[in-house]
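These notes concern the structure reproduced below.
The values are calculated or read from the model by the stated rules, or taken from the named source; none is laboratory data. These figures come from a predicted structure and were not determined experimentally. Note: ideal-geometry Cβ built from the backbone for every residue, glycine included; neighbour counts use all protein chains shown. Heavy atoms of the whole protein, side chains included, go into the accessibility calculation; ligands, DNA and RNA do not. Shrake-Rupley method; radii C 1.70, N 1.55, O 1.52, S 1.80 Å.
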Amino acid sequence: MLTAIIIDDEQKGRIALRQKLKDYCPEVQIVGEAESGEEGLAILSLHKPDIVFLDIEMPRMDGFKMLQQLPEKHFHLIFTTAYDQYAIKAIKYAAFDYLLKPIDIDELKAAVSKINKLQFSETEKKLEVLNQNLSEKNSFNKIAISTQNSLLLFEVNDIIYLEANRNYTTLYFKDQPKLIASKTLKDFEELLPSAIFFRIHHSYIININFIKKYIKGEGGQIELQNGTCLDVSRRKKEAFLKLLRL
């Protein structure tokens, strides 16, 4: 059994989430609720839950500010929010789960099913990425990447290119060994900034800052600064050359 608390200033939101957890996630036991960040701090200290369902937008003290005041963060964190593109992007970069209101049952079940008590210690690392990116408005410089065995933190600008590997993605870095991440290439395409990352092929996304030269051809090829040569698909060629202003 996993214990959980719900922190949300809207009573309707708390009631709806509590009922959905009861009906569809019987392995989760709600041990407390709070309607503000201040109450959330007190109830977290009292119950020390396995899971915290945290609303982002709350008056006086929002979810992010509440987290900054917590001395210990040994729990699995799932954000709940109405649509806020900037906040959601920051949450994704930190590899946290989030649920859009009104909360979808399948997404709730999926988020709960991924919870592993052995990974609760990763919350602190993820919050480091989240807080840094939130403090640098419109500039997401750090990313948390989950592998099969761990959670690693990287500078976004150090990624040279990414390669599709079925349901996983292999990432190649400037000064780090390559790694296999537990996300698809499409997930990274939606996440990484389009100003510097471009999908040149169904198998590759490149950081355009690492392009050494473009080799003309039907689709063409690009050579990266690390010596890697990659094909550009025919259907991506026009958009790619337009991006490079060639």
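For this structure, a couple of remarks:
- Whole-Hz couplings from phi, Karplus 6.51/-1.76/1.60, listed for region 140-156; x for Gly and Pro: 9, 9, 10, 9, 9, 10, 8, 10, 5, 10, 7, 10, 10, 10, 9, 7, 4
- Per residue, the accessible area of the chain comes to 53 Å² when a 1.4 Å probe rolls over the protein heavy atoms.
- Spin-label model distance (nm) - residue 203 vs residue 187, 7 Å beyond Cα toward Cβ: 2.1 nm
- Descending semi-axes in whole angstrom, ellipsoid equivalent of the chain, from the Cα gyration tensor: 39, 17, 16
- Accessible area of region 15-150 belonging to carbon and sulfur atoms, whole % at 1.4 Å probe: 49 percent
- Amide H within-cut-off set for residue 97, under 5 Å, with H built and near neighbours excluded: 79
- Taking every alpha-carbon pair under 8 Å whose residues sit at least 6 apart, the chain reaches a relative contact order of 10 percent.
- Projected label distance in nm at residue 148 and residue 216, using a 7 Å step from Cα toward the beta-carbon: 4.5 nm
- Ratio of Rg to Rh for region 150-246: 0.95 [Cα atoms; Kirkwood radius as inverse mean 1/r over pairs].
- Counting only alpha carbon atoms, the long axis of helix 234-244 and the longest principal axis of the chain meet at about 90°.
- With both labels modelled 7 Å from their Cα along Cα-to-Cβ, the residue 166 to residue 135 distance reads 4.1 nm.
- Relative to the dominant Cα principal axis of the chain, helix 122-135 is inclined by about 70°.
- A cut-off of 5 Å between modelled amide H atoms, ignoring neighbours fewer than 5 places along the same chain, links residue 204 with 164.
- In order along region 103-114, phi translates into HN-Hα couplings of 6, 7, 4, 5, 5, 5, 4, 5, 5, 5, 5, 7 Hz, rounded to whole numbers, per the Karplus curve 6.51 cos²θ - 1.76 cosθ + 1.60 with θ = phi - 60° and x for Gly and Pro.
- Per-residue ³J(HN,Hα) for region 19-28, Karplus 6.51 cos²θ - 1.76 cosθ + 1.60, θ = phi - 60°, Hz, x for Gly and Pro: 5, 5, 5, 5, 7, 10, 10, x, 6, 9
- Within region 143-218, the trypsin sites (Lys or Arg not before Pro) that combine a DSSP coil assignment with at most 13 other C-beta atoms in a 10 angstrom radius are 166, 178, 216.
- Amide hydrogen proximity for residue 51: with H placed 1.01 Å from N in the peptide plane, the residues at 5 or more positions away or on another chain lying under 5 Å are 3, 4, 5, 76.
- Furthest towards positive pole of dipole, 129, 206, 182, structure part region 129-246, Cβ charges: 206
- Here residue 114 is the anchor, and the aspartates and glutamates within straight C-alpha reach of less than 12 Å, apart from those fewer than 8 places off in the same chain, are 97.
- Counting all C-alpha pairs of region 86-176, share separated by more than 20 Å (%): 45 percent
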